[in-house]
């Protein structure tokens with residue numbers, strides 16, 4: 001049996017790792033396709049891009065593992081079935097359950113590995129990916145001043161170049177609007193016929209050396225009467241040097257502390273602590289609302305009033321007591337009661353909004369918590385699906401097994417995403433939302449396993465043709481009667 005177990009493991013390792021790396025590459029390409037516009041044209045170093053993709057690849061490992069197990073098991077058992085090796089094993093007295101046992105142990109170990117990865121490595125990978133990705137998104141595009149277009153990316157300046165030589169340095173018909181002196185308007189304007197545009201070696205400053213030009217500047221006065229004169233200063237120059245800071249174009253990593261409180265960035269221990277804290281805060285909202293409402297009933301603190309009215313237990317008696325008051329007192333009483341009622345209604349509406357918001361936030365942490373267990377257990381469920389389907393279809397290679405595997409994984413992915421979405425919308429509990437795919441796929445896996453063990457031809461088209469023919473004959477017989 002050890003030789004057979006080794007044979008099965010060797011047959012599984014190749015398809016498993018091949019599918020795993022292909023899945024990682026596909027997820028990376030999907031991410032690149034989605035955010036290509038945000039990444040291109042910013043002069044980001046290749047090492048930063050590779051670092052971002054390394055962290056992103058780590059974040060999709062818990063999703064790639066079940067897919068690899070599913071397709072790898074379908075290919076493995078499909079190959080064995082196609083070459084009649086499963087038939088030979090059964091004829092020698094080895095049941096399919098026993099033959100599936102080694103890979104079942106492997107899938108359990110991979111599930112444990114997935115859980116460990118999700119609890120220890122995944123939070124760090126998600127955190128670093130979000131940090132690097134946010135830094136890239138916030139970085140301005142690389143310096144690219146085009147002729148005939150006003151360039152506004154340098155903070156405090158608008159730059160217009162009429163013509164640009166092939167050396168990318170010599171420029172003509174230059175206009176520069178300077179807002180650094182007056183933050184409210186571009187009151188300082190430079191114009192030059194020719195010039196040179198260079199970047200310092202450390203790429204921190206942009207230097208304009210302008211020739212044969214003029215500078216126009218509005219004069220600022222504290223006296224309102226002087227402002228009405230619209231005084232300005234115009235100076236001419238043969239040569240003028242202007243230096244602009246490019247500090248906003250540099251790449252700087254975002255502070256990771258701003259993302260540490262997100263559910264996907266936490267381990268189970270931190271999620272438990274956060275959930276306990278949020279639960280305590282949520283449970284205090286009703287008590288706080290009650291305390292706020294009591295302020296509207298300050299008369300309840302008057303012991304004389306309570307003693308006089310404690311025997312009044314119906315509406316008519318209250319009305320008769322109010323009727324004893326004069327008109328002004330009644331008007332004041334009703335006005336104050338209306339104001340208190342409006343205040344109480346606003347407090348209740350605000351508390352209800354707080355409670356709902358707190359509950360929605362709490363659900364997201366529960367989803368991240370339960371999802372670590374659900375993703376790990378899915379390795380076992382999808383192995384049972386894959387091994388059973390491989391034994392049933394009896395087709396090897398990457399044709400039919402790949403198609404069947406992708407269909408089942410798409411079903412799993414849609415169910416998982418839908419479950420999380422319904423849980424976030426408070427339609428179902430977070431636990432049921434994260435385990436929805438398992439609820440549906442586990443019975444399917446056991447159904448397929450039963451038919452695989454008993455050599456049922458559930459995918460044989462001839463059986464279905466015979467069934468429908470028989471059904472057609474029966475319906476035709478009853479119609480004639």
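The values are calculated or read from the model by the stated rules, or taken from the named source; none is laboratory data. Being a predicted model, the structure only gives us computed values, none of them experimental. Cβ atoms come from the backbone with ideal geometry, glycine included; neighbour counts cover every protein chain shown.
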Quiz item: Any idea how many residues of segment 183-205 are in contact with a strand residue (DSSP E or B) (Cβ under 9 Å, 6 or more places away or on another chain), at pLDDT below 85 and surrounded by 12 or more Cβ atoms within 10 Å (Cβ to Cβ)?
Solution: 6
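Here is a yes/no grid of residues against (1) assigned to a helix (DSSP H, G or I); (2) surrounded by 23 or more Cβ atoms within 10 Å (Cβ to Cβ); (3) at pLDDT 85 or above:
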{"residue": "364", "(1), (2), (3)": "yes, no, yes"}
{"residue": "370", "(1), (2), (3)": "yes, no, yes"}
{"residue": "389", "(1), (2), (3)": "yes, yes, yes"}
{"residue": "396", "(1), (2), (3)": "no, no, no"}
{"residue": "410", "(1), (2), (3)": "yes, no, yes"}
Quiz item: Within segment 432-456, can you find the residues that are part of a loop (DSSP other than H, G, I, E, B) and under 33 Å from the mean Cα position of the chain (by Cα)?
Solution: 435
Practice problem: Using the structure shown, decide if residue 49 is assigned to a loop (DSSP other than H, G, I, E, B) and either surrounded by 15 or more Cβ atoms within 10 Å (Cβ to Cβ) or within 30 Å of the chain's Cα centre (by Cα) (or both). | Solution: no
Quiz item: If the Cβ limit is 8 Å and pairs must be 6+ apart or interchain, which residue in segment 267-285 that is in contact (Cβ under 8 Å) with a residue 12 or more places away in the chain and assigned by TED's automatic domain parsing to the domain that holds residue 360 pairs with which residue that is surrounded by fewer than 17 Cβ atoms within 10 Å (Cβ to Cβ) and in a helix (DSSP H, G or I)?
Solution: 267/120; 278/361; 282/355; 282/359; 285/354; 285/355
Quiz item: Looking at segment 242-284, which of its residues are surrounded by 17 or more Cβ atoms within 10 Å (Cβ to Cβ) and modelled with pLDDT under 80?
Solution: 246, 249
Quiz prompt | Residue within segment 54-67 that is closer than 26 Å to residue 372 by Cβ, assigned by TED's automatic domain parsing to the domain that holds residue 24 and free of Cβ contacts under 8 Å to residues at least 24 places away in the same chain present | solution = yes
